[in-house]
1. Pick out, from the stretch C:267-382, the helices (runs of 4 or more DSSP H) lying fully within it that include 3 or more residues that are surrounded by fewer than 19 Cβ atoms within 10 Å (Cβ to Cβ) and of a type outside the set (Lys, Arg).
2. I'm checking my understanding of the structure. Among residues of the stretch B:280-292 that are free of Cβ contacts under 8 Å to residues at least 24 places away in the same chain and not in a loop (DSSP other than H, G, I, E, B), which one is nearest to the other protein chains (Cβ to nearest Cβ)?
3. Any idea which residue in the stretch C:39-50 is surrounded by the most Cβ atoms within 10 Å (Cβ to Cβ), counting only those that are closer than 30 Å to B:Leu220 by Cβ and touching a residue at least 60 places away in the same chain (Cβ under 8 Å)?
4. Which residues, taken from the stretch C:44-90, are within 16 Å of the chain's Cα centre (by Cα), of a type in the set (A, V, I, L, M, F, W, C) and either modelled with pLDDT of 95 or more or within 27 Å of C:Thr437 (Cα to Cα) (or both)?
5. Conditions first: (1) of a type in the set (A, V, I, L, M, F, W, C); (2) modelled with pLDDT under 80; (3) closer than 30 Å to B:Pro272 by Cα. A:Leu153 passes all but one, so which condition is the exception?
6. Looking only at the stretch C:256-311, filter to residues that are hydroxyl-bearing (Ser, Thr, Tyr) and within 21 Å of the chain's Cα centre (by Cα); which one of those is farthest from the other protein chains (Cβ to nearest Cβ)?
7. Take the residues in the stretch A:120-134 that are assigned to a helix (DSSP H, G or I) and facing chain B (nearest Cβ under 7 Å); name whichever of them is surrounded by the fewest Cβ atoms within 10 Å (Cβ to Cβ).
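The values are calculated or read from the model by the stated rules, or taken from the named source; none is laboratory data. None of these values were measured; they are calculated from a predicted model. Note: ideal-geometry Cβ built from the backbone for every residue, glycine included; neighbour counts use all protein chains shown.
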Amino acid sequence: MSKVVTAKKRLFAFILLGWVLLIFSDRVGELTQYRGAFVATYALAIASIILLTGYSGQLSLGHSALMAVGAYAGALTINNLKLHPVVGLIAAALVAGVFGLVFGYAAARLSGPYLAGTTLALAVSLPTIANQFPILGGEQGLLFDVGAPPTRLGEEFSQYQWFFWISCLSALIMIWLLVNLLNSRYGREFRALRDNPIAAQLAGINTGLQKAMAFGLSAGIAGLSGGLLVMLISGVSPSAFPLSLSFLLLAGAVITGVYGLGGVMIGGVILVAIPEIAESIAIALGGSEGFTISLPDFMVGSLVILTVLFTPYGIGGQLHKLKHHKH
Amino acid sequence: MNQFITAVLTSLSSGAIYALMSISLVLVWRSTRVINFAQAAQAVLTTYIGYEVITRSGSFWLGLIVAVIAGGIIGAGIDILFMREIFKRASTGPIAMIAPVVATTALLGVIYSLIGFIWGISYKTIEAPVSTNGLSIFGSVVAFSPFNLLVLITVTISMVVLTILFQKTNIGLALRASAHAPEISKLSGIKVDAVRTLGWAIAGGAGSLAGMLYIPGSYLYPNSMAVLLVFGFIAAVIGGLDSLFGAVAGAMVLGFAINFSASYVSYKLVFPTAFVILILVLLIKPNGIFSSGKGRRD
Amino acid sequence: MIRNSRAKRFSVVSTAVIAAALTLSTLPAQAADPGVTASEIKLGYSGPLTGSAGLVYGKLPGGMKAYFDHINANGGVYGRKINLIIKDDKYLPTLAATQTTNLVLRDNVFALVGALGTPTHTKAYAAASLAKKNVPDLFVNTGFSGFANKSKYPTAFMVLPSYAMEAKIIAKFIKDTPALAPQASFLIAQDDEFGVDGINGFKLGGHTFTAAPTLYPQNGLSAALAEGALTKLSAVPGKPILILFGTTDTTATILKAAEKLDLVSKFTWLAGSVGGDANTLLALGVKPATINGALAASFFPDAKDSTDPYVSEFMKINAKYNTGVSFDNTVLQGMNSAMLTVQALRAAGKNLTRAGVMKAIESKGASFASAGLVPLNYSATSRVGYNGYWFGQLNEKGELKPYGGKLAVFTTDSSSTEAPTASTYVRKTVPKNGVPTNS
């Protein structure tokens, strides 16, 4: 009985959040709308990592490649199959999800660093495949155009606000689905897999299949965020998914808190805001070219290190601890 | 025939270079159970230090010695100031697996930035200590130089020396024990923390050796060992992270795969080849070619 | 495990907090064209300052800024000082998109100048809504001929000749040179728009290679692989021509591999414009004897030729405003683009508007003073800048001298199979003190 009530409360909370974001988007300028769209996209990508690592205990360094798979699938669906952009985004999630399922199944026997190495190799090699097949557009890449906002939204409705709506809506729906899933039997099975795989096997859970499913799910979410990302830059190309993106998402997941989805939005904000803040500081301080160029990376890296040292459960975990302080 | 011989020779020299990096990654893994992505950054940093010494003294060998010593010190420093803290605070659950990786990656970025602060971002070069011209065999010049030979010999000696160290000495035993079973080691009287720091120091030194032998064949700039890090890690995984011999073997396998596929198929396939080889190996042996049977749950 | 209603409440709260923070950081919109005040004109640059692309082009924005500083010290443009905001995009499309959007929406620049990189700028152009906001995208530094397409990029003006043009002219040069025409030829190119556009251009120029081009991924050609490639090619009899279309570090890797294999004199080397800067090659460890005799195409005077009036003016400006940076072809390119920009701003008149400056380039751009030895082709229908090359040979000092001793300039286009034609273009005299006085 209480589970249904919680599920209803959850849905209501998500809808409320959606409304708040809607109203918010009307009140701010284009730049903030654009940044907000990136926040939603990164938050979704971070959620995919949290699912895989925090909930099912697998480490992947290759999520940039999974995002790329989704992005290309979406672009091809829109351009070649001439389908609606929404279908394109759904295709992005599905294709990436199937890819992740297959990959996860093949990689199910791999433990920690071996899985990490395989996903690393995936991350560096998959984007280069785009150059092998002309249909993928080579280094130039493919166009990813979700079109202008519908005219009935008014003339004042900017492209950036449209991006904001699409990415926030996608992220909200996906994360809501994910949260429901994690509160179901599947979520418990994932956690069992993470905490004690031997006991899980004894309890009758098919660990290989579960691992693959977690990977597939995570890949699907990453694929959707990849589609959203290339929507924001109006096109997909191999260089949009460098290895450093995988590491950036991992860093975001650690800062957010790898155990729970509560803070993904903060993780997204940090990934967007920190480089900008760092750049402003670098310009304000002046100094040699080497200094100005390197300062943003220095700050991002230092922030991650400080997080790992002082709040290893991330910001989300920290606040969770504060709330449950009664123990 | 010429194409085949060249492919073999270039595979050997490529493999030797990947082995430099994979050895130092396996060293860190064997002594601390951490994948140290910052290894490349430490290597580059100490290579810059070596560069400064070479520019002032004119001697590559002096620069090499200083770089290796600096590598050892910096490696030990990172463990004492940094890794110990991380292990203390993030020791259970999935965070234990992800925190060190993320931390070393962040450290990678921080060290790169520091290099940018101090030396700037322009490309520099280091001249090799021995000739880089191809050896002349039976009148024709082949794709293998005295410098390539030096790298190959260094890799072989390192592998032998380090394997002896790990397998046949008490220190080696202490290193392995501290990594696998720290609690029991402490009970046996091993100073686990100090031993681990030693492991980081040795790995740091090995990384510096890698950098100083790699850069003369390439260019020196903050991000110059990024590709080498990726290939070195893949090579280590192929060979099995628990074996130094595996590190070298894996690097050779990777070198042969990449050079042969490039020469006989296409130069575009460099990265996909690495991936395919890795997947093939891991499908058959999930813990690498030279893994010790059942894999350990890390 | 976090209970989800709390997490959601937490998220709502955090949204509100974030909303407040971000709202406070947005700037109000401006009424007239942004980036112009009575005392200042704000311009923006986004391009790679690090990595292989940074190696080739990193000095460009600094060169532009030095030139603008010189103009500012000499009265600016009708009293307005030029403020160039420089952003590093590391040659990543996502970063280019966000940096360019920042330049337009946050820094409110009047125009973009010299944007660099094809996969990066094509995305950035759309992401920053340059077309919709009518932001001029002046003198884009890429060889991608697509930017001249007015319907796709209505506010963009190219400046560099396209890679296809370069390839066509190389093809003609080889055909017309008796020593080269009968030899086998090969192309080693980076597997992206350099290579692909180039291959297309060679096809248009009617040139067939002896074997399929060797394409390698960016950052993927190690010394060992280069050695393997060269050994294969060395089996070809005669003195084959090797055309290298890639960044300078890879060109250097290939040349050094040739030194190792004692194959330098086996081939005739032809370096594409992107990776052919002799100074950089020498700095990367290539021996002077190796580049001696190498062929290269250029559309500028050689940066080492201090007898050229434009080069000497720019060298003076570089020494004064760009201390510590050695003057080379990239700095020359940057200063030249900056000089074109100043002339465009002047030609638009004292009442400076975005539409005005674009119209000014269309109507008067072809007659701007520039260091290029080939003509500029701006008009009401054309967004193409330079459209030609001359051929030269490098000597041991890294100086590029006209092939055969006589300067021969050819112009062509990017899409037809028509052969390049000889050009009789004569440059305008360099403005006195390097400060344009056009209107």
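1. Counting at least 3 such residues, we get C:309-321, C:354-364.
2. Per the criteria, the residue is B:Leu283.
3. Step by step, filter the stretch C:39-50, then rank; the result is C:Ser46.
4. Listed by number, the residues that qualify are C:Leu60, C:Met64, C:Ile86.
5. Checking A:Leu153 against (1) of a type in the set (A, V, I, L, M, F, W, C); (2) modelled with pLDDT under 80; (3) closer than 30 Å to B:Pro272 by Cα, the one that fails is (3).
6. C:Tyr310
7. If we take residues in the stretch A:120-134 being assigned to a helix (DSSP H, G or I) and facing chain B (nearest Cβ under 7 Å), then A:Ile129 is surrounded by the fewest Cβ atoms within 10 Å (Cβ to Cβ).
Residues are listed down the side, and each one gets a yes or a no for (1) of a type in the set (A, V, I, L, M, F, W, C); (2) more than 27 Å from B:Ser31 (Cβ to Cβ); (3) in contact with a Leu (Cβ under 8 Å, 6 or more places away or on another chain); (4) outside the structural domain of B:Tyr219 (by TED's automatic domain parsing):
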site: B:Leu81; (1), (2), (3), (4): yes, no, no, no
site: B:Ile86; (1), (2), (3), (4): yes, no, yes, no
site: B:Gly120; (1), (2), (3), (4): no, yes, no, no
site: B:Glu127; (1), (2), (3), (4): no, yes, no, no
site: B:Ser140; (1), (2), (3), (4): no, yes, no, yes
site: B:Val151; (1), (2), (3), (4): yes, no, yes, no
